[in-house]
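What follows is a short report on a single structure.
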Amino acid sequence: MNRITTIIIILFFFVVQINAQDSTDVESGSTSEIIALWTMTGIIVPLAIAGVVISAVPPSISIVSQDGISYGALNFETGFGFGEKRITGVFSDWRIGTSYSYIFNSNVRDVFRIELKKDFHFDFVDRRKILLSGFHFSAGLMTDFPNDGYTIGTGAWLKSPWLPFFGLFPEHTYGITYRYNKYFGGKDFHEISLGVTSAFTF
């Protein structure tokens, strides 16, 4: 919050300084410049900031099945991606993701994961590459403290790159993901998530 507040204050004083300079400018020209500057400040910058903030939220809606009982859950996922520039932005081919599943039952522990994902893009669906569709496979480790295990999964998605922000490219992924989770102690469970994930893609 302090960082965002600082950016807004700096931009405000920047606009005021621009407005105060060179009073000999033609009135109509300076007015249009002020309008354009305020528009950029009020729309583009908040969108860029939101691109970073929203990369951690909103959560996906999930169902966790354990010991034959299903529980509702929320899954938060973000990470880093490495990929290729495709006209409108950088789309990931590989992702390293971290996720947290909050389960709506006090008797079931929440789950933390770190995963490696491989994306397969259906480039032929949208040749402009504004929204790419495809699927992924994933594998990684998970824990609910103190129990540890592994997780493997797959999913289908639509991807869209977000606004560039200080060299980062938050890429939002909309889709469905299935994960098979197994503790090293032997017990396993399943999770299906529907919603939004993200990656800062380079």
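Coordinate-derived values only; no laboratory data. Model, not experiment: these values are computed from the prediction. Quick reminder, even Gly has a Cβ in these numbers, built from the backbone with ideal geometry, and neighbours come from all protein chains shown.
Ranked for footprinting exposure by Cβ neighbours inside 10 Å, fewest first, T98, T201, T151 give T98, T151, T201. Near D93, the amide H atoms lying under 5 Å from its own belong to F82, G83, E84; only residues 5 or more places off or on other chains count, and H is placed 1.01 Å from N.
Residue exposure proxy: H136, H121, H172, H190, ordered by other Cβ atoms within 10 angstrom of their Cβ from fewest to most, comes out as H190, H172, H121, H136.
Between S70 and T31, the contour length at 0.36 nm per residue exceeds the Cα-Cα span by 8.0 nm.
Each of R113, R86 was scored by other Cβ atoms within 10 Å of its Cβ. Arranged with the fewest first, they read R86, R113. At an R0 of 35 angstrom, the distance between the Cβ atoms of F202 and N107 translates into a FRET efficiency of 0.25.
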